[in-house]
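Down below is the structure, laid out as C-alpha cells.
The values are calculated or read from the model by the stated rules, or taken from the named source; none is laboratory data. Please read all numbers here as calculations on a predicted model, not as lab measurements. In this analysis, Cβ positions are derived from the backbone assuming ideal geometry, glycine residues included, and neighbour counts consider all displayed protein chains. Surface accessibility is based on the protein's heavy atoms, side chains included, excluding ligands, DNA and RNA. Shrake-Rupley method; radii C 1.70, N 1.55, O 1.52, S 1.80 Å.
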Amino acid sequence: MVNHIKFLKTIISFMVFIFCSLTSANAQNQINGFVYDIVTLKPIADASVLIKDIDNTILNYTSTDREGKYSIEVELDLNTFYIEIIIISHNTLTKKTTTAYLQKNNFKLDFLLSERITNLDEVLIEGKKQPITVKKDTTSYDINNFKDGTERVVEDLLKKLPGISIKPNGQILFKGKAVTNLLLDGDDIFNENYTIGSKNISSDIIEKVEAIEDYNKNPLLKNIKTSQDIAINLSLKKGKTDISGSGEIGYGIKNRRLLNTNLIAVSKKTKGFVLANHNNIGQNNSPYNFLSNTIDLASLNLLDKKASNLLNNNRFNSVLSDNRVQINNNYYGSLNALYKLSTNSKLKLNYGFFNDHLSRNESTNTVFNFDTSTLNINTSEQLITKPIINAIDIEFTNQPSKKSLLIFKSKYNSIFVRNSSNGFNNDTFLTNITKTKDYFFDNKIEYTYKLGKKKVIQLEGDLSLNKIPQSLFIISQAQNNSQIVNSKRAVLDLKSKFLYKSLKQNETSIYLGYKQEDDEFNSSLSGLNLTLQTQNNITLKNVKPYINLNQLFILKKWEFDTKLKTELLHTNIARLNQNLLSKDLLVLNTYFSTSFKTSKNTNLYLKYNLSNQLPKISNIFEGLILTGNRSLINNNFKYNLLDNHSLNLGYRINDFYNLFQFNLNARYNYNKQGFINQLNIDQNQDIYTQILTTTNNKNINFNLDTEKYLHFLRTTFNIKTSYTINDYQNIVNNSEIRNNTNKNHTLNFGFRTGFKKRINFENNLKLNNNKFINNDILFNLKTFQNDFTIKYIKNNFQMEVNSQFFNQLSENTKNNEFFLDSKLSYKSKKIEYKLILQNLLNNNEFKNLNVTDFSQNSFNYNLQERYILLSATFRF
C-alpha cells in the first residue's frame, strides 16, 4: 500500500511539472467571417481560405461551409500576414492585415468576391466527375456512380462502395479497418450503435458518402494526435432534410407482418432520428443479437467492463443469413437526438427498446471418436428466447473556450432474457428454464485543455458497474437440477494525458493512470450426484497504477509507432475454502509498428504486439457450473499472466483513382501461457475444464483481399482468400495431452456488374476446406456456397431474383440445399409497392455439418417457412 501512495504522489508531482513547464505555449485566436458574392450577396461555399506569411508560405488553411462561413486559427505573435480566398468560380482575393487590426474588429473579417468571367470562342467539355476523390484523410464517393436503384437503406449503399465492407454483425469496415462512428452531416448521433442508422436510414436521402480517416471526435485533438478511428459521414440531400421519413406496412400469408416507420429531423439546433419497427419475417434492424454467438455492436465496446454471463452463452451459428433462420416476433424502437443548447454546449440522447420472441427447433447427432472407443449422442430441443432491453445513453458537451472542452457521458442498460426449452438428451426428456437479468451502468467524464497549438492535456474518469444474476432449472423424470449464478463487476479508471506534436509532425503521448477492478462471483449447483465441487464464492480485486508512453515518428516515407504500457499490479483472490492469494507484479505490454510508403497509394507495414492479460474471474472458478441440458464447465486454476505474441507483415494498395484495392498480409500468434481444454464426455453429460498452464499454442494466418473495377466490363471483381494453421492442445476423456492441428482454407470470389442497362448481376462464390489433424487421424469438411442475384429495372418497376446453393461434404455425410427468393417493387409518385416471395422452394429444415479433432456433428434446425408478403412504403 505504501508503494501505491508513493506512486500516486509521483503522478501528482508529474502533473504539476507539466502544467508549470508548458504555460509558455504560443497564444492564438480564431478569425471568423463570411465569403459572399459581391453582386448577389449570396454565400459562397467550398472556398479555400489560406493564411500566408510575408514570404508567401502557407501557415494554415480551411474552407467555407454551405453558409459561406469560415473559421481559421492564427497565432497572435504574427504581426503582418495575408489572407487569401480561392475558388474557381470567382476571382482570387488577397488581403494584407495585422493582428492589431483584427483585435480591433474582434477577429471578424468578411470577403466579397467578384465572379470569374472568361470569354471563349468555343467550349468543349470532356470527361465526367470522378466517382471517388481523395483529399488528405477524406475519401468522397459520388454515390450515383455505384447505385443501381435496388438500394433501400444506407447499408445496401455502403456495400457497393469500393473499400467498404459490412460484417455479419453490421460493423462497417473501410480498407479492412473497423469504422467507429457514423455521422449525419458531420454530427455523431448514434455513438457506437451506428447500425441503428445504417440499417434503417433510407438511401434515397443520401447525397454523398465520405470516409474520414484519422477521425477525432474531440476537435481539440485535431492535428495533434493521430487517431486510428474512422468515421463514415452521410451528407443529406438539400431540401429533404428539414423533416423527412418513411412508413412501411406489409402483410402476408400465414399472418406475416411488417411495420416500419422512421423520421429524420434537421434544424439549426436539433438533429434527430426516430424509428419504430415490428416484424415476424426474420428481420432484425436493431444493434442487438440474441440469435447467434456473434457479438453485436452494442456489446463489442463494453466487453472489458462486463461481468461474466455464463448461463446465457448462445452457441448457435449458421452459414445461412439471419432472415432464413430467425423465427421471430420483434418490436424495436429507437430515439436518437442531438440538441445544441447554445453555441458552446450540446446535449445528445439515445434511447432504445427491444422486445423479441425467438423460436427454434434443433436436433444434433454427434459421433465422438476416442482413442479406444466411439460414442454416439443424440439431442433435440424446442427453444424459445424472450429478450427485453431498455438502453439509455446521455452525452453532454461544453466548450467554454477555444482551448477547453468538457464531455460527460452516462449509460444505463437493462436486459432481461428468458430461455425455455423442451427436449431430449438421448432418451431422457428434459425441460429447461433459464433467466438472466443484466444491469449495466457507466459514467465517464473527460476534460481537455489546449496548452498551445500542438500541446494538449486531458483528464479522464470512468466508473462502471455491472450486475448479472442468473438461474437455470432443468426438470426430468429422474431428477431436478438447479443452478444459481451471481456476477458483479465494478471498474474505476482515472487517467491524465499529455499529448504533444512537434514541428516535424512527430507525436508524443504520456498517460498516467490508476485502475481498479472489483469482481464478485457466487454460484450454487444442486440436484446432480457429483463428487466434484459444485459451489463458488470468489472475489477478485486488481489495483493497477500505470504509465503509458507512446511515440510516433515520421521520417519522409517511413512511419514508426511505439507504445509501452507499464502496470504495477496488485491482485487479491479470495476463493471458497482456500487461502487468500495475493500477487504483486510488474506487467509490461508493448506495441511496435512501422510502415514504408513505396508510393502515394501503396505501403509496406510490420506490426508486433506483446500482450500480458490478467486471468478473468470466468477463468478462476473451480466449482462446476451447469450451463445446459448436458454441459458443465469449470477451471483448473493456477495464477499466471496470459501472454500473447503477435507479428503482422503486410503490403497494401489503396488506389481509388483506378478503383483498385489490394491487401496481402501474414500474421503469427504465439502463447507461452494459455489454456488447454480438458473434456470428459459420457452418455449423459459433457464437462469442459479450462487449464491455465504452459502451452504450445500458435497460429499462422495468410490473407489476400483484393477488389478491382474493370470499366470496359462495367464490373467490380473481388477476391478474398485466407489460409490458417492453428496448433493447439487438449485432453479428451483422461487422455494424455493431445497435440492437434487445424488447417482452414477459405476462398471467396465475387463480381458485381454496373451496366447502364435494365439488367445487372451479382455473384458470390465461397469455398472452404477445414481439416483437423491428430496424429494420423484426419477429420475433413468441405463446403461450397454460391449466391447469385439478377436485377431487372425498367422505369419505376424493379425485380430481383436471388438463389443460394450449399454443398457440404464430410467423410460419411453429404448435404445439398438450394434456396430461391424474389422481390418485385413498383414506385409511384408517393408510394412504393413491394411484393416479397421468400423461400419459394419451402425448405423447412437445414442440416449443418461440423467436425473437430475428435468428433463429427450433424446439426439440424428449422427455417423460416415460405411466405408471400405485400407492402406499401410512404415517403414524406
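Things to note:
- One residue alone among THR343, THR366 is open to solvent by 70 Å² or more (accessible area, probe 1.4 Å) and more than 24 Å from TYR412 (Cβ to Cβ), and that residue is THR343.
- Cβ-Cβ distances below 9 Å connect no pair with a first residue in the stretch 757-772 that is closer than 8 Å to LYS791 by Cα, a second residue that is open to solvent by 50 Å² or more (accessible area, probe 1.4 Å) and among the polar types (S, T, N, Q), and a separation of six or more residues or different chains.
- Some residue of the stretch 298-305 being surrounded by 20 or more Cβ atoms within 10 Å (Cβ to Cβ), more than 23 Å from ILE392 (Cα to Cα), at pLDDT 90 or above and within 26 Å of the chain's Cα centre (by Cα): no
- Long-range neighbours under 6 Å by Cβ, at least six apart or interchain, first residue touching a residue at least 12 places away in the same chain (Cβ under 8 Å) within the stretch 39-63, second open to solvent by 40 Å² or more (accessible area, probe 1.4 Å) and assigned to a loop (DSSP other than H, G, I, E, B): PRO43/GLU67; ALA45/ARG66; SER63/ASP46
- Scope the stretch 529-561; condition within 19 Å of THR508 (Cβ to Cβ) and surrounded by 14 or more Cβ atoms within 10 Å (Cβ to Cβ); matching residues: TYR546, ILE547, ASN548, ASN550, GLN551, LEU552, PHE553, ILE554, GLU559, PHE560, ASP561
- Breaking point among (1) aromatic (Phe, Trp, Tyr); (2) in contact with a Phe, Trp or Tyr (Cβ under 9 Å, 6 or more places away or on another chain); (3) in contact (Cβ under 8 Å) with a residue 60 or more places away in the chain; (4) not in a loop (DSSP other than H, G, I, E, B), for TYR288: (4)
- Pairs meeting the criteria (first residue in the stretch 420-446 and closer than 12 Å to GLU381 by Cα, second residue in a loop (DSSP other than H, G, I, E, B) and open to solvent by 50 Å² or more (accessible area, probe 1.4 Å), beta carbons under 8 Å, at least 6 apart or on different chains) are ASN425/ASN684; ASN426/GLN683; ASN426/ASN684; THR428/GLN477; THR428/ALA478; THR428/ASN684; PHE429/GLN477.
- Qualifying positions in the stretch 405-431 - outside any strand (DSSP E or B) and open to solvent by less than 70 Å² (accessible area, probe 1.4 Å): ASN426
- Condition check for TYR332 on (1) under 20 Å from ILE264 (Cα atoms); (2) open to solvent by 40 Å² or more (accessible area, probe 1.4 Å); (3) hydroxyl-bearing (Ser, Thr, Tyr): one failure, at (2).
- Of residues in the stretch 306-325 being over 29 Å from ILE484 (Cα atoms) and not aliphatic (A, V, I, L, M), the one modelled with the highest pLDDT: ARG324
- Strands (runs of 3 or more DSSP E) contained in the stretch 810-876 and holding at least 1 residues under 22 Å from ASN770 (Cα atoms): 814-827, 845-851, 855-862
- ILE243 falls short of the stated requirement of being among the aliphatic types (A, V, I, L, M) and touching a helix residue (DSSP H, G or I) at 6+ places or on another chain (Cβ under 8 Å).
- Identity of the residue in the stretch 500-543, modelled with pLDDT of 95 or more and among the charged types (D, E, K, R), that ends up farthest from ASN223 (Cα to Cα): GLU520
- Whichever residue in the stretch 190-233 is at pLDDT below 85 and at positive phi and, among such residues, is farthest from the chain's Cα centre (by Cα): ASN223
- Going through (1) part of a loop (DSSP other than H, G, I, E, B); (2) without any contact (Cβ under 8 Å) to a residue 60 or more places away in the chain one by one, GLY628 falls short only on (2).
- Matching residues, the stretch 203-219, being open to solvent by 10 Å² or more (accessible area, probe 1.4 Å) and closer than 21 Å to LYS827 by Cβ: ASP204, ILE205, GLU207
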